[in-house]
Amino acid sequence: IADFIGNYATTGGAIDNLGNISSIQGDFISNHATLAGGAIENRGKIDNIEGIFANNISDSYAGAVSNTHGGIIDNLSGTFIGNTAETDGGAIYNNGSNAKINNINAQFINNTAQDRGSAIYNSNNATIGNIVGVFIGNTSNGNKGGAVTNISGGNINSISADFIGNFAGRGAAI
């Protein structure tokens, strides 16, 4: 178990993965990326990510976790609190053909995206298998997806969650 606190990078404020990682366990607090993935940028394969993601920031997309360019995450679980993206995906950003997150089991509380998907953004033929969790007080200052945005050919197989007090111009929950 490791903690990642106050790290700063262009991509992946704490971790930028282009290979294979079996397991990441720990807390990601106040990390910052100028481009993508305030805490984690994944373009490889990660079997398991578990932790608390709090107050991570991206000056572009993916306040906490970015999964792009064919990246695969099997299981992503934890608590996402107060993460911010200046564009899309306040907590999680899953984007592009072959990008896949098989299972998300988490609580999303007070995350913010300046455009879309304050908790989860899924787009451009990316896939999310199952989402289980609670979404409370997440805010999209743009026009879509107070909690979850699924657009442009994005695929989500199932959502089993409670949505409480989320905000967006359209689709405060989804």
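The values are calculated or read from the model by the stated rules, or taken from the named source; none is laboratory data. The model shown is predicted, which means the values in this text are computed figures rather than measured ones. Positions of Cβ are generated from backbone atoms using ideal geometry, with glycine treated the same way; all protein chains shown enter the neighbour counts. Each accessible area value is taken on the protein alone, full model and side chains, heavy atoms only, with ligands, DNA and RNA left out. Shrake-Rupley method; radii C 1.70, N 1.55, O 1.52, S 1.80 Å.
Local charge sum around Lys144 (other residues, Cβ-Cβ under 12 Å, Lys/Arg +1, Asp/Glu -1)? The partial results should precede the final answer.
Numbers: positive: Arg116, Arg170; negative: Asp88, Asp115.
Once all neighbours under 12 Å are counted, the net charge is 0.
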**Request:** Sort the stretch 72-174 into rounded, prolate or oblate with this rule: let a ≥ b ≥ c be the square roots of the eigenvalues of the Cα gyration tensor; rounded if a/c is under 1.5, and if a/c is not under 1.5, prolate when a/b is larger than b/c, oblate otherwise.
**Result:** oblate
**Asked** How long is the gain from Asp59 to Asn125 if the chain were fully straight, where each residue apart is worth 0.36 nm and the alpha carbon distance is subtracted?
**Response** 21.4 nm
**Message:** On alpha carbon coordinates alone, what is the Rg over Rh value for the chain, Rh being the Kirkwood radius?
**Reply:** 0.93
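State whether the stretch 103-148 is rounded, prolate or oblate according to the following rule on the C-alpha gyration tensor (a ≥ b ≥ c being the square roots of its eigenvalues): a/c under 1.5 gives rounded; otherwise a/b larger than b/c gives prolate, and the remaining case gives oblate. Please report the intermediate quantities before stating the final value.
On the way: a/c = 3.07, a/b = 1.16, b/c = 2.65.
Note, shape of the stretch 103-148 comes out oblate.
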**Complete:** HN-Hα couplings for the stretch 48-54 via Karplus (6.51, -1.76, 1.60; θ = phi - 60°), in whole Hz with x for Gly/Pro, come out as 8, 10, 9, x, 9, 10, 10
**Request:** Roll a 1.4 angstrom probe over the protein heavy atoms and tell me the percent of accessible area of the stretch 17-58 that is carbon or sulfur.
**Result:** 52 percent
**Item:** Prolate/oblate/rounded label for the stretch 117-174 (Cα gyration tensor, a/c 1.5)
**Value:** oblate
**Asked** So how compact is the stretch 39-79: Cα radius of gyration and Dmax in angstrom?
**Response** 10.2, 27
**In sequence order, calculated HN-Hα J values of the stretch 136-153 (Karplus, 6.51, -1.76, 1.60; Hz; x Gly/Pro)** = 10, x, 7, 10, 9, 6, x, 10, 9, x, x, 10, 10, 10, 10, 9, 6, x
**Fill in**
Rg/Rh over Cα atoms for the stretch 1-95, Kirkwood Rh, comes to 0.92
**Cα-projected label distance for Ile151 with Asn20, points at 7 Å along beta-carbon direction, nm** = 3.6 nm
**Asked** How far apart, in nm, are the 7 Å Cα→Cβ label points at Ile1 and Asn102?
**Response** 2.4 nm
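Order of 71-79, 113-121, 156-164 by packing, highest average Cβ count within 10 Å first? Intermediate values should be presented prior to the final figure.
Numbers: 71-79: 20.7, 113-121: 30.8, 156-164: 14.6.
Ranking, from highest mean packing down: 113-121, 71-79, 156-164.
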